[in-house]
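Q: I am attaching a structure below and will ask some questions about it afterwards.
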Amino acid sequence: MKPKPTAKRVKRAHPPKAAWNLRLYVAGQTPRCVRAFANLKRICDTHLAGTYRIEVVDLLQSPQLSRGDQIVAIPTLVRRLPPPVKRIIGDLSNSERVLVGLDLRSDAL
Amino acid sequence: MRAEDSKDSLKQRTLQKIPTGIKGLDEITYGGLPKGRPTLVCGPAGCGKTLLAMEFLVRGATQFDEPGVFMAFEETREELTKNVASLGFDLRNLEAHKKLLVDDVLIDRSEIEETGEYNLEGLFVRLGHAVESIGAKRVALDTIETLFASLPNAGIVRAELRRLFRWLKQKGVTAIVTGERGDGSLTRHGLEEYVADCVIGLDHRVINQIATRRVRILKYRGSLHGTNECPFLIDMQGFSVLPITSMGLDYGASTERVSSGVPRLDAMLGGEGYYRGSSVLISGSAGTGKTSLAGTFVQAACHHGERCLYFAFEESPPQIMRNLRSIGIDLAPFVKKGLLRFHSSRPSGQGLESHLVDIHRRIDEFNPRAVVMDPVTNFTAVGGPDEVKAMLARLIDIVKARQTTLMCTSLTNAGEAEQQSEVGISSLMDTWLLVRNLEAGGERNRGLYVLKSRGMAHSNQVREFVLSNRGIDLVDVYTGAGTVLAGSARANQEALERAEALAAQQAIEAKKREFERERAVLQAEIAALQVKLKTGEEDLKRLIGGASAQARTSARDQAAMSRMRMADG
């Protein structure tokens, strides 16, 4: 699966049950951003199968969106739901830390 | 042609600057900040970095039609808008007109989890978008160093900052980057490594419990700049820097005269009064009438329709006006007409430098023809004599460059040498009037004399200085018989002299009458003698007449006798 260049919703099989709303901010299709998306999908499929929704925002296409979520670092993953809002920066290659960031660590165990 | 070409290209090659619009800052940088390059503003907390950056943008937007982007890393937009409203900056209005864009970048470290490689492209995108959306020419980043605190990986931040400054240069925006001072370095995280073109240091020092803000150009690559520390103020009108470096002894000298307000004093000053644009010092001990002289001068100037600015460091404006009314000087109408403006403050309220900046700004605003400082000696409360002298020298330069007449009063403490004004400023002054107490015979009187007055034939006489409800008058002191007397002693002496003169007059009268009598007697005697003489003459004549008649008679008798004797002859 590849990230799309524009803001796009990637819907999973059970959209109504999407308790997890995640937004990934990228800037163009750099290797790092592509990697981040792949890592995110893998983690979600493993731990949140069927209950998540990923939104990819490419700031090169819609730079005005950077202000709302206070984006500085790229890539940044924002956990919009469930609250509280969490920000995870980096290419998500360190799965352990991603799980900590998403408060998924206890669930995973 | 060739020479012209090379001149043109040289001009293009030299650093181009853009004016900040901040009072004085453009003068100490000789034209402003390097165009299209970032400038670092550093200093300790609370020294005014944010305000400087904000004023740079606001002035750019309002005065030079250069929109600006303010990226705040420490405050929210609302906080910032509120904070600078006190300086008269209406950020909302500027934002509505697309002249300014404030973006707050607030990162909470506790919310952030680092999970691999990243860069700060998001910041670049935000900034780039903001710059493009309003066509910004100016950018302020305040304080970008907080990124070091919010992001866990300092190495990445460092590399990205380097890229950011390169990117800013490419964009051709003129940027101000602020940074807090660190231990032993200009900024905590060594921002000066990246921003190497122009570095402005702000400082906020407390000496004798009085804080003074100072600014210094630490570095300005490719340009001349003032190297001195210059004081600055932050107040309702924003920043004002006092450009000490721009002053020199090259002002013109007017030959125009201004009246002192006292005709006799004008007469003492070469007949016409002070020179316009000269500095006048009135020194004297307490209660000798220094403020009254200053008030008279102000009244005369206002009377001629000239603006006056009165800095009072001891009394409030109403108090000065009330006191001057007691000697017949009413300044209230001039205040009402806007010709006279008072500014009262305690010298201890702020540092010397701040006072100077404040005075400078007020003079700039009001553009007076005459300035009164009453009294300058009070500044010794906030600075040593040397500092006060340096400050006054600069003040004199400021007013002289504007051809404004400056009058300073100076309080001499009792027991101190009168001819050594307390703050040692007499050598800076063009005209020096000394008001002193003349104490004799159980009373105190005021004497005034001109100690010096450059460029005019001034009187060397001591005059008695009389304050009445009709104002100031100067009276000749009694200088006869080897002493100088004033006040009632003078009056006494004068009465004495009048009495003596009267007595002498009376003696003459008496002598005259006596002589008249004598003359009458003598004349009577002369008449009697003349009568006697006449009588004598008449007697003699009678005698002579009688004798000749007798002679004739006897001759006739003899002839008759002879005729008788002829018978026998």
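Read the figures in this text as sums done on the coordinates, not as results from a lab. On a predicted model such as this, the values are computed, not experimentally measured, just so you know. Note: ideal-geometry Cβ built from the backbone for every residue, glycine included; neighbour counts use all protein chains shown.
Q: Please compute the volume of the convex hull spanned by the alpha-carbon atoms of chain B and report it per residue in Å³.
A: So the per-residue hull volume is 308 Å³.
Q: Once each part is reduced to its C-alpha centroid, what is the distance from the stretch B:186-211 to the stretch B:33-105 in angstrom?
A: Between the Cα centres of the stretch B:186-211 and the stretch B:33-105 lies a distance of 19 Å.
Q: Take the Cα atoms of the protein assembly as shown, build their convex hull, and give its volume per residue in Å³. Before the final figure, lay out each step's value.
A: Working: hull volume 205.8 nm³, N = 678.
Residue-normalised Cα hull volume stands at 303 Å³.
Q: Still on this model: Looking only at other chains, what is the average number of their beta-carbon atoms within 10 angstrom of each beta-carbon in A:59-66?
A: Per residue, the average neighbour count from other chains is 5.
Q: If you don't mind, there's one more thing I want to ask. Specify which residue in the list B:I363, B:Q493, B:V131 is farthest towards the positive end of the charge dipole of chain B, using unit charges on the beta carbon of Lys, Arg (+1) and Asp, Glu (-1), about the Cα centre.
A: B:Q493
Q: Sticking with this structure for a sec: Let's test the formula: R0 of 60 Å, r as the Cβ-Cβ distance of B:S254 and B:A211. What FRET efficiency results, to the nearest 0.05?
A: 0.95
Q: Once amide H atoms are placed 1.01 Å from N in the peptide plane, what residues at a sequence separation of 5 or more from A:V56, or on another chain, have their amide H within under 5 Å of its amide H?
A: Hits under the 5 Å cutoff: A:K8, A:V10, A:L24.
Q: Within 10 Å, at most 16 other Cβ atoms, and a DSSP state outside H, G, I, E, B define an exposed site. Report the longest part of chain B free of exposed chymotrypsin sites (Phe, Trp or Tyr not before Pro).
A: Details: sites that count: B:Y30, B:F64, B:Y251.
The segment B:252-569 is the longest one with no such site.
Q: Report the extension gain between B:Q461 and B:Q63 in nm, rounded to one decimal, defined as 0.36 nm multiplied by the number of residues separating them, less their alpha carbon distance.
A: Between B:Q461 and B:Q63, full extension yields 137.6 nm more.
Q: Tally Lys/Arg at +1 and Asp/Glu at -1 over every other residue whose Cβ is under 12 Å from the Cβ of B:G328; what's the total?
A: It works out to a net charge of 0.
Q: Starting from the Cα of B:H204, step 7 Å along the direction of its Cβ; do the same at B:A267; then give the gap between the two resulting points in nm.
A: 5.9 nm
Q: What residue among B:A175, B:L57, B:V475 has its Cα farthest toward the positive end of the dipole of chain B, where the charges are +1 on Lys, Arg and -1 on Asp, Glu, each on the Cβ?
A: B:V475
Q: May I ask you to compute the full-extension gain from B:L543 to B:N367, defined as 0.36 nm times their residue separation minus their alpha-carbon distance, rounded to one decimal in nm?
A: The span from B:L543 to B:N367 would gain 52.1 nm if fully extended.
Q: What is the local net charge at B:E75, summed over the other residues whose Cβ is closer than 9 Å to its Cβ (Lys, Arg +1; Asp, Glu -1)?
A: For residues surrounding B:E75, the net value is -4.
Q: When the helices in the protein assembly as shown are scored as -39500 (n - 2.57) per DSSP H run of 4 or longer and the sum is shared across all residues, what 222 nm value do you end up with, to the nearest 500 deg cm²/dmol?
A: Details: 18 runs with 257 residues, N = 678.
Helices in the protein assembly as shown give a 222 nm mean residue ellipticity of -12500 deg cm²/dmol.
Q: Nearest 5 is fine: what % of DSSP beta bridges in the protein assembly as shown come out antiparallel, could you say?
A: Here the antiparallel bridges make up roughly 45 percent for the protein assembly as shown.
Q: Still on this model: Work out the FRET efficiency for B:L224 and B:R519 from their Cβ-Cβ distance, taking R0 = 60 Å, and round it to the nearest 0.05.
A: Efficiency, from the Cβ-Cβ distance: 0.05.
Q: In a shell of Cβ-Cβ distance under 13 Å around B:D235, excluding B:D235 itself, what net charge do Lys and Arg (+1) and Asp and Glu (-1) give? Don't skip to the end; give the middle numbers.
A: Numbers: positive: B:K23, B:R213, B:R361, B:R362; negative: B:E55, B:D358, B:E365.
In short, +1.
Q: For a Förster distance of 30 Å, can you work out the FRET efficiency between the beta-carbons of B:R322 and B:S285, rounded to the nearest 0.05?
A: Taking R0 as 30 Å, the efficiency between B:R322 and B:S285 is 0.85.
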